[in-house]
Structure formats: C-alpha cells, structure tokens
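Below is one structure, written out as structure tokens; comments come after it.
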Amino acid sequence: MGSFEATSNDLAREGSKSCRNPSIHPGTMMPSGTEPEEVDVAIFYVQTSDLQAFVAPKEVSCSLSKALDTENWTAACSALLDTRRLALHHPDDLIKILDEVLPIIIKHMNSLRSSLCKTALICAADLFKFCSNFMAVKIKEGALVETLLSKAALEKKFVMDEAKRTLAAMIHTISTAQTLPVMLLHVQSANCKVRATVAVCVADIVDRALTESQEGSECCVHSSMSELLHAAALLVSHALP
C-alpha cells in the first residue's frame, strides 16, 4: 500500500501492469475446473440459519485450532463449519480462541482449493455478524481485509462473489467510523480490480453513514472528507477501469 502522495500517472502505470498480469497482486488467480476429488462440497455451504448448536461447545472450541490447521481440505472445511456453529450459538466460547484460529482461517481463504477458500469466506462472514467487536479490531491489522479484497478480484466467479458478500457483511456489521479508514488505505492498490472493489465498498460505507440514525455515523464522513475527495479524484481520473 502506498501513501496518498503517489500521482495518478504512477498509479496508471502500476495498474496497467497489474491488469495485464493479475499475479502481481497475490491471490488473484486460481485453478479452473472441478474439484479433483468427488466430494459433495455443498455440505460445507450450509445456510447460517440451518447451523445447529453443540451439546458440548467447550470441548469443540478446545480442539478447534488443531482441527482447522490440517492439510486435509475436507477436514478443514468441516472445522470451518464448526467455527460457524460456535460463532452463532456459542460466541463466548469462540471469542476466547479467535486470536489463535483467525490466522488459520485467513490461510484457508488464500487456499488454491476453491471450495476451501469459499468455505473460509463464508466462515469469515459469520464471524463479522456474530463476533463483530472482535473483528472490528482485526480489520485494522491488514491481513484480513487485504485477503478479502484479493479474493474479490479473482477470476473464479463463485469465489469472487463470496468474497464480495463477506465484505458486505463487514460493512454492515462494523461501524462506519472503523471500516472507512481501513478501506481508504487500499484505494491506491496496484490492481485495478481491487481498486474497483474498494470504490464500491467506500460508496456503500458512505451511504450507510449518511442514512443511518446511529449517533456518530455521519460525523465519520465529514471528518474523512479530504481523504474521500482525494480517493474519489484518484479513482475517477484513472486511465483504467
């Protein structure tokens, strides 16, 4: 990430290279085709409303880190499903270990195995919904948002769409005062598809801030007005999409 001092010409040159060669921005290309093993991956894409509570959640949470940190992709997907069940029904048990397991979830979001990547993205969306205070702190550390933006710039549509849904979950569950500064840090990404996603996210954040009745929402837009105008100028004057 660069500072706001870069010129639009510099950004155009960088963006041109990255759009011709998406691999300049890590994680923007994935293998195409079906999964190599015959596995019904739909079992990992359970709707949040269909997730069941655990009889012994503390036992599950104690073994979750080990269950997630495996090279067996189907076992990892099952552990991600368990993470979602904890987030929905037993958030207090999950929050105690989230510092330990979130980096593993981010690692799975960066997997070249598209089904594992998508399952991890769905998991992250539920973490935003049910552990929002914890996730509000984590978006400031960089890796989480950078990964989500990279996945939203993928060529593989069903992963890209899931990443965008996860970003939407972040925008609608974490305060605008926290999400806006984080997203503005990425407005000068060298990847044109990432910049496009950032532009949409910023617009959604500003719209939420201006329309919500919660105290302080609109203030964050006014206090960030100079950064917003600078970002808008860079985005609209760029030679590439």
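Some values worked out for this structure:
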{"quantity": "Solvent accessible area, Å² - His186, 1.4 Å probe, full protein context", "calculated": "20"}
{"quantity": "Lys58 accessible area, 1.4 Å probe, all protein chains in place, Å² to nearest 10", "calculated": "130"}
{"quantity": "Exposure of Glu146 as accessible area (Å², to 10), given a probe of 1.4 Å and all protein chains", "calculated": "80"}
{"quantity": "Accessible area per residue in Å² at 1.4 Å probe, computed on segment 76-139", "calculated": "33"}
{"quantity": "Anisotropy class of segment 131-175 from Cα gyration tensor, a/c 1.5 cut", "calculated": "oblate"}
{"quantity": "Cross-link pairs beyond the 26 Å C-alpha cut-off, checked among Lys58/Lys140; Lys96/Lys156; Lys138/Lys164", "calculated": "Lys58/Lys140; Lys96/Lys156"}
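The values are calculated or read from the model by the stated rules, or taken from the named source; none is laboratory data. Bear in mind the structure is a predicted one, so any value in this text is a computation, not a measurement. Calculation scope for accessible area: heavy atoms of the full protein, side chains included, ligands and nucleic acids excluded. Shrake-Rupley method; radii C 1.70, N 1.55, O 1.52, S 1.80 Å.
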